[in-house]
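Below: the structure, in structure tokens.
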Amino acid sequence: MRFRALAAILGLSAAVVSGCGSPAAEGHRPDGNRVTIRVPADAPTISAAVSVAQPGDLVLVAPGEYHESVKIATAQVTLRGEVREKVIIDGQLRQDNGVVVSAPGVAVENLTVRNNTQNGVLVTGSVKAAAGLPGRDGGYDTGDEPVQFLNSFLVSHVTATRNGLYGIYAFSAQNGVIEQSYTSGGADSGIYVGQCKPCRTVVRDNVSELNAVGYEGTNASGDLYVVGNRFSGNRVGLTTDSDHQEKLLPQQGSVVAGNLIAANQQPATPEQADGGWGIGVGIDGGSGNQVLRNRIAGNANAGLVLTASQDIPPLGNQILGDVFEGNGLDVGWTFPGATKGSGNCVDSAPQHTIPDGLPASAGCPVAPGTPSPSGTWSRGKAPSGIPFTEVAAPPVQPQFPNARTAGATVVPPVPVFPDVAKVPVPAAGLLAERASVAVS
């Protein structure tokens, strides 16, 4: 299931999409190494401050609404707002991206990005993606451009809301962390990790709600950890998939552990092209993924669906230790076309499966290459959605610690990976204090 947003959902004309924001005025950089450049005291705009920043500098932004697209092309720069909900980069539906990171070691922290026609925060090593050249159906088809990875990034304590494609988008990027952030109103997905191998990326402690899809990992393989997040109140909670629109097929080897994936049938959300609705987890042509000790609850159509992506079979996925509660269907494996799955397994937790008795016929462990059983699943029809511009405003979120006084953040070359064995099944109230959609 590749969950792409229909262009019509955006409700925007081509003229509106082409907005670029205001030109950067001249900024002043204080003397010294690893300095703090203050906006607007030292530079009238964020872009002006970034343009004079050097590696190791902190760009510290005072409360205000900034109508610009900020492009960070200097390595090891930290962009931080003083007050998360009061430092707002607003695209006014006239620019593609709020923040574009195309240099390694950059941290984006403690601010809000909204009303961009494509992405709130885009982190990428792709020249075409950084230039705002979208591919088909809202994704990036970078054609003959060789895969170029951006190495090391951090997105922390960011609120990304009402953006036309993705809230936080890491594409062709490695060695990164997306943490403590909130995304809503993503007409494709709130958080996206795509086209990386090995990704060596950690997505942790985020709340993603009121999106078409909460989290999406496409052609994202190797040392990718999605841990301790709340994906609730979307149309679809989480997907991991293979897609020919991007390079580095097939998707392999992500760990989805200790997340709350619940109540993903919220009608006041943007529609998405494939009509996904009421689904907790979708694995579409992904292989070698581990879905471990998640709480997957109250998803009206299905808790977890495993299927094939065109000509790409799902192989060797493990579904272990998850708690399934109140789903229309707990686990469904369905291969309606010629491409079938094999080597996939599930433990005894799910009670309602398609085909029936799936834990008995495909219990873990299973030998590689063992054909996976398949059944027929009819998902319920999705209700009409709303434009992403009309999604409910986000609740106030926690601040980055000591935002005004802490120095620049040093982004490690490789993140510390979680000890997955110590990740428990989360409580039903995981991160509820940061969410607006209640989970019963």
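The values are calculated or read from the model by the stated rules, or taken from the named source; none is laboratory data. Everything quoted here is computed from the prediction, not taken from an experiment. As a convention, Cβ positions derive from the backbone with ideal geometry for all residues, glycine included, and neighbour counts pool all protein chains shown.
Could you figure out which of (1) of a type outside the set (A, V, I, L, M, F, W, C); (2) surrounded by fewer than 17 Cβ atoms within 10 Å (Cβ to Cβ); (3) in a loop (DSSP other than H, G, I, E, B); (4) out of contact with any strand residue (DSSP E or B) (no Cβ under 6 Å at 6 or more places or on another chain) isn't true of Gly375? All conditions pass for Gly375, except number (4). In segment 387-408, the condition of being of a type in the set (Gly, Ala, Ser), buried (at least 16 other Cβ atoms within 10 Å of the Cβ), part of a loop (DSSP other than H, G, I, E, B) and in contact with a Phe, Trp or Tyr (Cβ under 8 Å, 6 or more places away or on another chain) is met by no residue. Condition check: under 20 Å from Pro373 (Cβ atoms), out of contact with any helix residue (DSSP H, G or I) (no Cβ under 7 Å at 6 or more places or on another chain), surrounded by fewer than 20 Cβ atoms within 10 Å (Cβ to Cβ) and touching a residue at least 40 places away in the same chain (Cβ under 8 Å). Does Gln310 satisfy that? For Gln310, the condition - under 20 Å from Pro373 (Cβ atoms), out of contact with any helix residue (DSSP H, G or I) (no Cβ under 7 Å at 6 or more places or on another chain), surrounded by fewer than 20 Cβ atoms within 10 Å (Cβ to Cβ) and touching a residue at least 40 places away in the same chain (Cβ under 8 Å) - is not met. Within segment 249-266, identify whether any single residue is surrounded by fewer than 24 Cβ atoms within 10 Å (Cβ to Cβ) and either among the β-branched types (Val, Ile, Thr) or in a strand (DSSP E or B) (or both), and answer yes or no. Scanning segment 249-266, I find at least one residue that is surrounded by fewer than 24 Cβ atoms within 10 Å (Cβ to Cβ) and either among the β-branched types (Val, Ile, Thr) or in a strand (DSSP E or B) (or both), so the answer is yes. Scoring Val16 on the criteria (1) within 30 Å of Ala212 (Cα to Cα); (2) modelled with pLDDT under 95; (3) in a loop (DSSP other than H, G, I, E, B); (4) touching a Ser or Thr at 6+ places or on another chain (Cβ under 9 Å) leaves a single failure, condition (3). When segment 329-367 is filtered for residues that are hydroxyl-bearing (Ser, Thr, Tyr) and more than 11 Å from Leu306 (Cβ to Cβ), the ones remaining, listed by number, are Thr339, Ser342, Ser348, Ser361. If you go through segment 238-264 and keep only what is among the β-branched types (Val, Ile, Thr) and within 12 Å of Asn289 (Cα to Cα), you end up with Thr239, Thr240, Val255, Val256. If you go through segment 44-62 one residue at a time, how many are out of contact with any Ser or Thr (no Cβ under 8 Å at 6 or more places or on another chain), part of a helix (DSSP H, G or I), surrounded by 22 or more Cβ atoms within 10 Å (Cβ to Cβ) and among the β-branched types (Val, Ile, Thr)? Looking only at that region, the number is 1. Among the residues of segment 281-295, is there at least one that is of a type in the set (A, V, I, L, M), surrounded by fewer than 23 Cβ atoms within 10 Å (Cβ to Cβ) and farther than 22 Å from Pro418 by Cβ? Within segment 281-295, none of the residues are of a type in the set (A, V, I, L, M), surrounded by fewer than 23 Cβ atoms within 10 Å (Cβ to Cβ) and farther than 22 Å from Pro418 by Cβ. Among residues of segment 409-431 that are under 13 Å from Val256 (Cα atoms) and at pLDDT 95 or above, those with a beta-carbon under 7 Å from a residue that is buried (at least 16 other Cβ atoms within 10 Å of the Cβ) and of a type in the set (S, T, N, Q) at least six positions away or on a different chain give the pairs Pro426/Asn259. I'd like the full set of residues that are part of a loop (DSSP other than H, G, I, E, B) and either among the hydrophobic types (A, V, I, L, M, F, W, C) or crowded, with 24+ Cβ neighbours inside 10 Å (or both), limited to segment 107-125. Of everything in segment 107-125, those that are part of a loop (DSSP other than H, G, I, E, B) and either among the hydrophobic types (A, V, I, L, M, F, W, C) or crowded, with 24+ Cβ neighbours inside 10 Å (or both) turn out to be Asn116, Thr117, Gln118.
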